[in-house]
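Have a look at the structure that comes next, please.
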Amino acid sequence: KQVFRATMGLYLAMTAFWVTGIYKPAYRRSATIANVLFMSGLAAGRIFSLIVDGVPSTLFLIGLALELILACWGMWNLKKN
């Protein structure tokens with residue numbers, strides 16, 4: 001349980017940073033870079049799991065798709081601005 005709670009704390013802290021980037025332009029670029037790294041890392045882990053463990057559940061694949069979309073959207077925003 002402690003590992004999952006620690007991970008949850010990390011997710012909440014990152015989310016708070018991303019929300020700060022929405023409302024404070026000074027943090028926008030840093031928050032976007034953090035989001036791209038975070039989502040890309042999650043997607044890479046899921047892709048590795050897909051290769052090693054085989055085809056997972058539908059929810060896993062939906063999560064992978066959303067993570068890839070968010071990472072690409074973040075990269076697009078960085079390039080655009």
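The values are calculated or read from the model by the stated rules, or taken from the named source; none is laboratory data. Remember, predicted model here, so these are calculated numbers, not experimental data. So basically every Cβ, Gly included, is an ideal-geometry build from the backbone, and we count neighbours across all protein chains shown. These accessible areas exclude ligands, DNA and RNA; they are computed on the full protein's heavy atoms, side chains included. Shrake-Rupley method; radii C 1.70, N 1.55, O 1.52, S 1.80 Å.
All but one of (1) in contact with a helix residue (DSSP H, G or I) (Cβ under 9 Å, 6 or more places away or on another chain); (2) open to solvent by 50 Å² or more (accessible area, probe 1.4 Å) hold for Thr58; which doesn't?
So the condition that Thr58 fails would be (1).
Sticking with this structure for a sec: Quick one: would you say Gly21 is free of Cβ contacts under 8 Å to residues at least 40 places away in the same chain and touching a Ser or Thr at 6+ places or on another chain (Cβ under 9 Å)? It would help to see each step written out before you state the result.
Details: free of Cβ contacts under 8 Å to residues at least 40 places away in the same chain: yes; touching a Ser or Thr at 6+ places or on another chain (Cβ under 9 Å): yes.
So Gly21 fits the description; yes.
Test Leu68 against the stated conditions and say whether it is surrounded by 10 or more Cβ atoms within 10 Å (Cβ to Cβ) and free of Cβ contacts under 8 Å to residues at least 12 places away in the same chain. Talk me through it step by step, then tell me what you get.
Values: surrounded by 10 or more Cβ atoms within 10 Å (Cβ to Cβ): yes; free of Cβ contacts under 8 Å to residues at least 12 places away in the same chain: no.
Answer is no for this residue.
Of the residues Asn77, Asn35, Asn81, only one is in contact with a Ser or Thr (Cβ under 7 Å, 6 or more places away or on another chain), of a type in the set (S, T, N, Q) and touching a residue at least 12 places away in the same chain (Cβ under 8 Å); which? Working first, answer last.
Working: Asn35 fails: in contact with a Ser or Thr (Cβ under 7 Å, 6 or more places away or on another chain); Asn81 fails: in contact with a Ser or Thr (Cβ under 7 Å, 6 or more places away or on another chain).
Of Asn77, Asn35, Asn81, the one residue that is in contact with a Ser or Thr (Cβ under 7 Å, 6 or more places away or on another chain), of a type in the set (S, T, N, Q) and touching a residue at least 12 places away in the same chain (Cβ under 8 Å) is Asn77.
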